[in-house]
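Read the figures in this text as sums done on the coordinates, not as results from a lab. No experiment lies behind these values; they were computed from the predicted model shown. A quick note on method: Cβ atoms are made from the backbone with ideal geometry, for glycine too, and the neighbour counts reach across all protein chains shown.
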Amino acid sequence: MKTTKLGLQLPTDPRWVNLAEMDLGEILTDHAYCEQKAATACISLIQAYPEREELVRELAPVVTEEWGHFRLVLAELDKRGLPLGRQRKDEYVNALLQFQRKGGRPEERLLERLLTCALIEARSCERFRLLSLHIGEESLRDFYHTFMVAEAGHYKLFIRLARLYCGEEATRRRWADYLAYEATVLEKLEVRGDRMH
């Protein structure tokens, strides 16, 4: 799943995998919390839009899957005798949240939330791909490949739900805005090996 297939305009700095590999405890901790927050985001969407039957049906199993991923990362930490560290401030996600348009019709607010989720999943997919290809430890390559495949599916799901509820044209236009903005965010952020994003 290459960056271009995901629509991302700026690839991750190639130094990122090397930095992440230097302290696996740090990247695993951040990864664990990312999975936890992904589950929470899906629960929040279900709570906010219970009348959107397909959204509820499609996101309910994603909650279970994301929480399962959290447990997989915890197991990997345990296997290495590493503790789950503290949750960190996620500058990348916070920047995306600032870009969300506030107010407007319910469909417009839903579009903002779905596209934010889609973008986080797309970038996570791209980073898991890099880890699956370039991290030195072979067992971790398989580990991260599993996450890459899952995130690709989630990214596609959020885009499909956006098109379903908010329209093809509105989704296309706003997704282009998000992709352009995300590239500027990535350019400004420090390349850190202790962060998934």
- request: Calculate how large, on average over all directions, the projected area of the Cα convex hull of the chain is; give the answer in nm² to one decimal.
  value: 10.4 nm²
- request: Compute the normalised compactness of segment 153-197: alpha-carbon radius of gyration over 2.2 N^0.38 Å, N being the residue count.
  value: 1.46
statement: Mean-square fluctuation maximum in Gaussian network of the chain, Cα pairs under 10 Å, restricted to T184, T12, T171, hits T184
message: Between A60 and L97, what is 0.36 nm times their sequence separation minus the Cα-Cα distance? Round to one decimal in nm.
response: 11.0 nm
message: With angles folded into 0 to 90 degrees, how steeply does helix 168-188 sit against the dominant principal axis of the chain? Use alpha carbons for both and round to 10.
response: 40 degrees
statement: Once normalised by the length of segment 17-188, the mean sequence separation of its alpha carbon contacts under 8 Å that are 6 or more apart gives a contact order in percent of 21 percent
- request: Give me the distance in nm between label points sitting 7 Å out from Cα along the Cα-to-Cβ direction at R86 and L164, one decimal.
  value: 4.0 nm
- prompt: Extension gain R71-A183, at 0.36 nm per residue separation less the Cα-Cα distance, in nm?
  reply: 37.2 nm
message: Compute, for the chain, the length of the dipole vector about the Cα centre, with Cβ point charges of +1 (Lys, Arg) and -1 (Asp, Glu) only. Units Debye, rounded to 20.
response: 460 debye
field: Gain in span if fully extended, R105 to H145, counting 0.36 nm per residue against the direct Cα distance
entry: 10.5 nm
